[in-house]
Amino acid sequence: MARVSLDTLLRRSERNMGNGMNPIVKQSALEVIRRAYKEGIHVQISQGMRTYAEQNRLYAQGRTAPGSIVTNARGGQSNHNFGLAVDFFLTTWDGTKATWTVNDNWRRAAAIAKSLGFEWGGDWRSFKDYPHLEMTGGLSTAQLRAGSRPSLTDRTGTATPSPSSNGGNGSSPAPGGTELVKTAQRWANQYKEEASFRELDVDGLNGPLTMDALLRICQLFGKTAIDGIWGPRTKASVPEQSITDHQPGWTRLIQATLVCLGYNLNIDGIYGTNTRGAISAYQRSQGIGVDGIAGPETFEEFFKTA
Ligand SMILES: [Zn+2]
């Protein structure tokens with residue numbers, strides 16, 4: 001039985017969390033998945049953000065609607081309504097089935113989450129909520145309803161991009177994400193219809209959905225099938241971009257991708273010495289030929305799945 005890939009777990013989880021998550025909560029939840037995966041534990045997030053209406057529907061379950069009671073919170077009474085909570089479960093080795101048994105692996109996943117600053121519902125005295133993780137920064141739901149928002153600490157150590165050895169604009173990372181990655185996400189979102197992906201949260205986190213959107217834009221530009229899968233046809237559709245010969249659209253795609261990979265670059269469509277330098281540094285880091293020209297081989301490193 002093949003092991004489910006980390007990327008699959010991250011992708012599904014990011015999708016299930018939905019838009020509107022607090023960036024630090026989201027990044028921390030993804031980090032729980034990464035760390036657990038290293039220990040052979042497969043964590044997946046089933047839910048994150050819930051609107052008041054969704055919460056009210058859930059509250060009705062077991063009361064005025066069929067099913068058993070799953071929550072005591074109405075709309076506005078759950079930390080899920082403010083993007084500050086997630087629910088998780090474990091999957092089987094191949095990732096095809098959810099398991100809900102609260103065993104040692106489950107407790108280990110909760111311990112990892114707690115080390116990143118989450119409160120675990122399994123520690124609650126009155127109503128044990130084993131799948132539930134939240135970060136409230138000490139605020140009550142009443143305070144959250146009134147508009148207060150917590151200032152949370154990112155303990156993942158992943159929000160800071162690796163410094164580029166080759167120039168850039170020196171923008172400093174914002175908590176929970178970077179302004180440059182937000183710029184890349186805003187740039188990508190203008191292609192969401194044509195490249196058929198769901199609008200990205202502009203949260204500055206370079207997660208798998210952002211990379212998926214960039215790959216789809218690559219396929220759009222290359223006029224090949226837009227399926228979000230890197231393969232020989234997509235590779236064949238990628239032209240070479242260099243200082244002497246480049247197009248603004250492709251260059252912006254290259255710059256946005258490099259930004260999401262941690263490089264400090266402006267997304268300005270100009271393939272200058274900064275972009276060439278970043279491409280060379282990236283090529284060196286990937287162990288492919290270093291020529292400062294972004295072509296099919298370099299794109300393959302960007303988008304292939306391990
Ligand atoms: Zn929950």
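The values are calculated or read from the model by the stated rules, or taken from the named source; none is laboratory data. For clarity, every value in this text was computed on a predicted model and none was experimentally measured. Glycine gets a Cβ as well: all are built from the backbone with ideal geometry, and neighbour counts include every protein chain shown. Quick note on the areas: whole protein, heavy atoms, side chains included, nothing else; ligands and nucleic acids left out. Shrake-Rupley method; radii C 1.70, N 1.55, O 1.52, S 1.80 Å.
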Counting only residues that are without any contact (Cβ under 8 Å) to a residue 40 or more places away in the chain and closer than 22 Å to R15 by Cβ, how many does region 211-228 have? 9
Pairs only if they're at least six apart or on different chains, beta carbon under 6 angstrom, first in region 50-78 and loosely packed, with under 13 Cβ neighbours inside 10 Å, second outside any loop (DSSP other than H, G, I, E, B); list them, first residue then second. G67/Q61; V70/Q61
Does region 157-178 contain at least one residue that is away from the ligand (no atom under 16 Å from the Cβ), touching a helix residue (DSSP H, G or I) at 6+ places or on another chain (Cβ under 7 Å) and modelled with pLDDT of 90 or more? no
Which numbered condition T96 misses (of (1) touching a helix residue (DSSP H, G or I) at 6+ places or on another chain (Cβ under 8 Å); (2) more than 11 Å from the ligand (Cβ to nearest atom)): (1)
Which one is most open to solvent (accessible area, probe 1.4 Å), of the residues in region 109-139 that are more than 18 Å from T91 (Cβ to Cβ) and hydroxyl-bearing (S, T, Y)? S126
Scanning for something under 22 Å from L58 (Cα atoms), within 15 Å of the ligand (Cβ to nearest atom) and among the aromatic types (F, W, Y), does region 110-121 turn up at least one residue? yes
